[in-house]
Amino acid sequence: TGGALFDALSSLNPDTFTGESCAVINFLADYYRDVDTYPVQPEAMPGCLRTLLPDAPPENGEQMDVILEEVWRHIVPALTHWQSPKFFGYFQANASTAGFAGETLSTGLNVVPFTRAASPVATELEGVVMDWMGKLVGLPDRFLFFGGGGGVLHGSTCEAVVCTLAAALDRALSRLGHEGILRLVVYASDQSHSTFQKGARIVGMPRSNFRVIRTSAASGYGLTAASVRDAVEADVASGLVPLYLCATVGTTGLGAVDPVRDLGELARRHGIWLHVDAAYAGSALICPEFQHHIDGAELADSVSMNPHKWFLTNMDCCCLWVASPAALTSALSTNPEYLSNVTEESAGAGVVDYKDWQIALSRPFRAMKLWVVLRRYGGAGMRAYVRRHVEMAKWFEQALEADGRFEVVAPTRFSLVTFRLRPRHEGDGDAVDGLNRRLLVAVNASGRAFMTHFVVDGKFVIRMAVGGAMTEIRHVQDTWELVREKAEEVGALLKDSKHD
């Protein structure tokens, strides 16, 4: 008991810190060494952990080796292993040695840089890192600090969306008056992430004022300027005011790309705030061969991407750039006396207080993490990393196309492959959807890979998102063999069911 009390009262003792941190690092090293041997998705029933743990926390603290042993026995077996090289679901959540080191430095230093005075160099580093990332992905200078814009590190795209919606709303209501919120309209495609509808509700937009614009295979499931123009003009004719438009580069379901320049020109004509969401595919924009996807970005008001998806930066990390920092801070700033900087430098122009660029007051030192990743791997290393995954995805796509049983649903632009078993006969859409559902269930139940699905044009589609830090071509090839094997199994089941 006395030892536990001493540990709590000396919780940052350097010797204890060294020993216990090393134990955690060794634990994680063993985990990464063996992660490809674990079933990617566990068979864990709801409530399984509660039966294994006490009803209340311990009164007396326990040793770290005891805690880690319990993590090994109770937590690890019931995890979906996002760092498995055979994890192809959702979009990846990258981890890396540099990302871990940067996160450890951030957590260990544990500063809270909500104002510049709260930790000057943390604010300075964030500005530097945001300009570095903006240059890497090919953003116009107007989004960088030296060009009059600027950037901030958020935790998620959802926060970036809420903040930019709030900025657009603040700008519009200053002109229309508060009651004008009932006239304002937000536009996105049926492929845009659901976070845009959620964000619109959070800032108080009526649900009836959110336009979900249909896309089709003819445009590769990207928006067309004509379809957006029709929706905007119809709203204007009805006395409504277009507010905000989302253009996505790399949609979640299919990896579709909206035409940024066409939408930007339309947005400019109608005074609409244009946000470019490149949460997933933004990492690919560091490669020159992908930068044409954001042609026209100079017409946008804001751009976001998530290094925690495909840029070797451990959760969480979202880059948001704005062309007008003043538009953001006028909507989000607060100035309580207890946060006032009384130093001489606080009166100078250009001082950034990041509390005014986000929803929360408190914030971690995310810039340290992203800075370590950039320093450790460099632009050339990151481009090689992204291109390796793109090549793997292309290999999988070609394997699908060479097998007549499958069809590729949308072109593989980055590292997301979307596919399904083909209908055997005209009009058996329901049957083939059931077949594809069983195929996905069988693949995931095997524990040898994990994928997720999407529905487009009423069709059930399987998504394979390549992008794990430990994924190699052999894992993609093994997964193709698994898909073929399970396709035969579920195909046989379907045949049998027709004879029943």
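Structure notes:
- Among the trypsin sites (Lys or Arg not before Pro) in segment 211-269, those placed in a DSSP loop whose Cβ has at most 13 other Cβ atoms within 10 Å are 214.
- The equivalent ellipsoid that matches the C-alpha gyration tensor of segment 376-497 spans semi-axes of 29, 15, 12 angstrom, in descending order.
- Principal axis dimensions, largest first and in whole angstrom, of segment 220-366 by Cα: 53, 44, 23
- One decimal place: the segment residue 217-residue 360 gains 47.5 nm when fully extended, by the rule 0.36 nm per residue minus the C-alpha distance.
- Take the chain with all the other protein chains still there, run a 1.4 Å probe, and you get 46 Å² of accessible area per residue.
- Under DSSP loop assignment and at most 13 Cβ neighbours within 10 Å, longest GluC sites (Glu not before Pro)-free interval of the chain: 63-425
- Linear extension gain, residue 194 paired with residue 388, 0.36 nm per residue minus alpha-carbon span: 66.9 nm
- Percentage of interatomic Cα-Cα distances in segment 39-137 larger than 15 Å: 79
- The slack between residue 207 and residue 261, meaning 0.36 nm per residue of separation minus the straight C-alpha distance, is 16.7 nm.
- At most 12 other Cβ within 10 Å, DSSP loop - trypsin sites (Lys or Arg not before Pro), segment 44-128: 50
- The shape of segment 111-364 comes out oblate: with a ≥ b ≥ c from the C-alpha gyration tensor, a/c is at least 1.5 while a/b does not beat b/c.
- Computed from the alpha carbon positions, the gyration tensor of segment 345-435 leads to an equivalent ellipsoid with semi-axes of 47, 21, 10 Å, biggest first.
- Calculated on the alpha-carbon coordinates, the convex hull of segment 1-74 measures out at 106 cubic angstrom per residue.
- Label-to-label distance, residue 238 versus residue 59, with points set 7 angstrom from Cα along the beta-carbon direction: 6.5 nm.
- Relative intensity, log₁₀ I(q)/I(0), of the chain from a Debye sum that treats every alpha carbon as a point, q = 0.06, 0.09 Å⁻¹: -0.32, -0.73
- Accessible surface of residue 135 - all protein chains present, 1.4 Å probe, nearest 10 Å²: 120
- Of the accessible area of the chain, computed with a 1.4 Å probe over protein heavy atoms only, carbon and sulfur atoms account for 55 percent.
- FRET efficiency for the residue 112 to residue 49 pair, using the beta carbon distance and R₀ = 30 Å, is estimated at 0.45.
The values are calculated or read from the model by the stated rules, or taken from the named source; none is laboratory data. Every value quoted in this text rests on a predicted model; they were computed, and no experiment measured them. Glycine also receives a Cβ, built like all others from the backbone with ideal geometry; neighbour counts cover every protein chain displayed. Areas reflect the complete protein model, heavy atoms only, side chains present, ligands, DNA and RNA absent. Shrake-Rupley method; radii C 1.70, N 1.55, O 1.52, S 1.80 Å.
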